[in-house]
1. Given E333, E325, which one is among the acidic types (D, E), open to solvent by less than 20 Å² (accessible area, probe 1.4 Å) and either within 29 Å of H259 (Cβ to Cβ) or touching a strand residue (DSSP E or B) at 6+ places or on another chain (Cβ under 7 Å) (or both)?
2. Can you pull out the residues in the stretch 411-429 that are touching a residue at least 60 places away in the same chain (Cβ under 8 Å) and either surrounded by fewer than 18 Cβ atoms within 10 Å (Cβ to Cβ) or in contact with a Gly (Cβ under 7 Å, 6 or more places away or on another chain) (or both)?
3. Do any residues in the stretch 195-208 that are in contact (Cβ under 8 Å) with a residue 60 or more places away in the chain and farther than 16 Å from Y403 by Cα have Cβ atoms under 7 Å from those of residues that are open to solvent by 10 Å² or more (accessible area, probe 1.4 Å) and assigned to a helix (DSSP H, G or I), where the two are at least six apart or on different chains, and which pairs are they?
4. Of everything in the stretch 310-346, what is hydrophobic (A, V, I, L, M, F, W, C) and part of a strand (DSSP E or B)? Give them in sequence order.
5. Could you list all residues from the stretch 390-410 that are of a type in the set (A, V, I, L, M, F, W, C) and crowded, with 24+ Cβ neighbours inside 10 Å?
6. When residues of the stretch 170-220 are filtered for being assigned to a loop (DSSP other than H, G, I, E, B) and either modelled with pLDDT of 95 or more or crowded, with 24+ Cβ neighbours inside 10 Å (or both), how many remain?
7. In the set D298, D305, which member is over 23 Å from L186 (Cβ atoms), charged (D, E, K, R), in contact with a strand residue (DSSP E or B) (Cβ under 8 Å, 6 or more places away or on another chain) and open to solvent by 40 Å² or more (accessible area, probe 1.4 Å)?
8. Filter the stretch 275-288 down to the residues that are open to solvent by 20 Å² or more (accessible area, probe 1.4 Å) and touching a residue at least 24 places away in the same chain (Cβ under 8 Å) and list them by number.
Amino acid sequence: MSNNKSAWPAKIVVLVYVVIFTALASYSDPTPRAESNRPAPNQTTSPGPIGDVPLMIPSGLKKIEHFIFIMQENRSFDSYFGTYPGADGIPPGVSFIDPKDGTRVAQYHDTNDVNRGGPHGWDSAQGCINGGKMDGFLTESYKGRKRKQKWWEWFVPSNEPEKNPKDVMGWHDYHEIPNYWNYARLYVLQDHLFESVASYSLPAHLYMLAAQSGGYIGQNQPRPSTYNFAEITELLASGKIDWKYYVTSGKFPDTEDGHVVGSESEQEQRPQKYTLWNPLPAFPKVYNNPSQRSRLVDTSQFYKDAKEGRLPQVSWIIPSGAVSEHPPASVREGMAYVTGLVNAVMQGPQWNTSAIFISWDDWGGFYDHVPPPKIDEYGLGIRVPGLVISPYARQSYIDHKTYSFESWLRIVEERFGVEPMTARDNSALDMIDAFDFHQKQRLPVILEATPKGSPYPLPLQRLNKGIRG
């Protein structure tokens, strides 16, 4: 009896330790990861890898060996897919007061192949969003100007293509862009993909590669001449992952002034020249390394690589002004160009292991009705279209999840075991919902790579379930 009594204090001590240890083990920090790891404003050096989310390859993703990212220019979601069946599209009865004559301007079907668009810098984005009201597009459009324009021409409206400030209220559909609508019907349309930053092309392309822009948004800031933070190609190379950045040589719109709209191309673009659409030459670890710099090539090489089965594991394709869809470029010519890129993959030997992602880098001044989520002081920006094409892509699927260009980074990081670079790609959704890896590989659907395109709607494919490959 006395022995049992002496054992009680020891049992109590053990019990207390067990309770304390259990409480500590079950404790989790209530602070959201994206907030706790958010880069500091005006971050100019790499925030370093963030390893608090384990990098696990989602089931089936190993079947994708080639990621192709096609970035076009300056179209909002509503301007291209606002009337697409089932999408989060244009609400009925949208109209705004014309600041010039006081009349009401409603959403309308714009059948023109060429548009003017609106200004699309940081201040323009804030004006369009207007605190979430999404009603400033027409007012901002009148602030836009053409290059070399006289001051008295700034607010002279015209109904001609390239000159009509009201065309930011217009929308296109399968009559003008049938192939894009067929891709949405046959594969995956994303209706909540947002530009990463509420600004113009250069910051958007930086986020596409680095999940940050070093604090650069273009608002009263000189364009940086160099960048010293990490970007994805540097990390891929360290892991011996093959990549290429294909650049379509030619001219491109001079959009360093975010208020310039609808102007003809002036600046020359080539693969190893630092431009708004090609910031990689401004990263010393790319440009000063001959092996890495050699991966910046002309888009003509893409067609050869696709045909010969030499596509890298990760690639980006950047247009020239003429095929970019950036006003005043033709929307039909841009569609034909993108279709040719997709066809090259589909007709090549690597189609069965590829995934193609298509988007537009900013909204181009065009109306969109969805207020962008505000996740930090820089973004997100206004909604843009997103398409996913793959033999494993779901068919006729509209993905309503919220994405940004960091989602492109995230799915590559997961697939190849690369640590996230910032809080943005660390917390981004990975777009895995676009795929059904239990379906058999789908046969390619070759569309007409012409300005006319293929008729819409094309018949759906018959899909077979079962694991293959």
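The values are calculated or read from the model by the stated rules, or taken from the named source; none is laboratory data. All of these numbers come straight from a predicted model, not from anything done at the bench. Don't worry about glycine lacking a Cβ; one is built from the backbone with ideal geometry, like all the others, and counts go over all protein chains shown. Calculation scope for accessible area: heavy atoms of the full protein, side chains included, ligands and nucleic acids excluded. Shrake-Rupley method; radii C 1.70, N 1.55, O 1.52, S 1.80 Å.
1. Of the residues listed, the single one that is among the acidic types (D, E), open to solvent by less than 20 Å² (accessible area, probe 1.4 Å) and either within 29 Å of H259 (Cβ to Cβ) or touching a strand residue (DSSP E or B) at 6+ places or on another chain (Cβ under 7 Å) (or both) is E325.
2. Passing the criteria: F416, G417, V418, E419.
3. Close Cβ pairs satisfying both conditions: S199/W122.
4. V314, W316, I317, I318, listed by residue number.
5. Residues of the stretch 390-410 of a type in the set (A, V, I, L, M, F, W, C): 393, 398, 405, 408-409.
Correct list: F405, W408, L409.
6. Going residue by residue through the stretch 170-220, those that are assigned to a loop (DSSP other than H, G, I, E, B) are 172-177, 187, 195-200, 211-220.
Of the ones still in play, those that are also either modelled with pLDDT of 95 or more or crowded, with 24+ Cβ neighbours inside 10 Å (or both) are 172-177, 187, 195-200, 211-217.
Total meeting the criteria: 20.
7. One residue alone meets the criteria, D298.
8. Once the filter is applied, which keeps residues that are open to solvent by 20 Å² or more (accessible area, probe 1.4 Å) and touching a residue at least 24 places away in the same chain (Cβ under 8 Å), the stretch 275-288 yields P284, K285.
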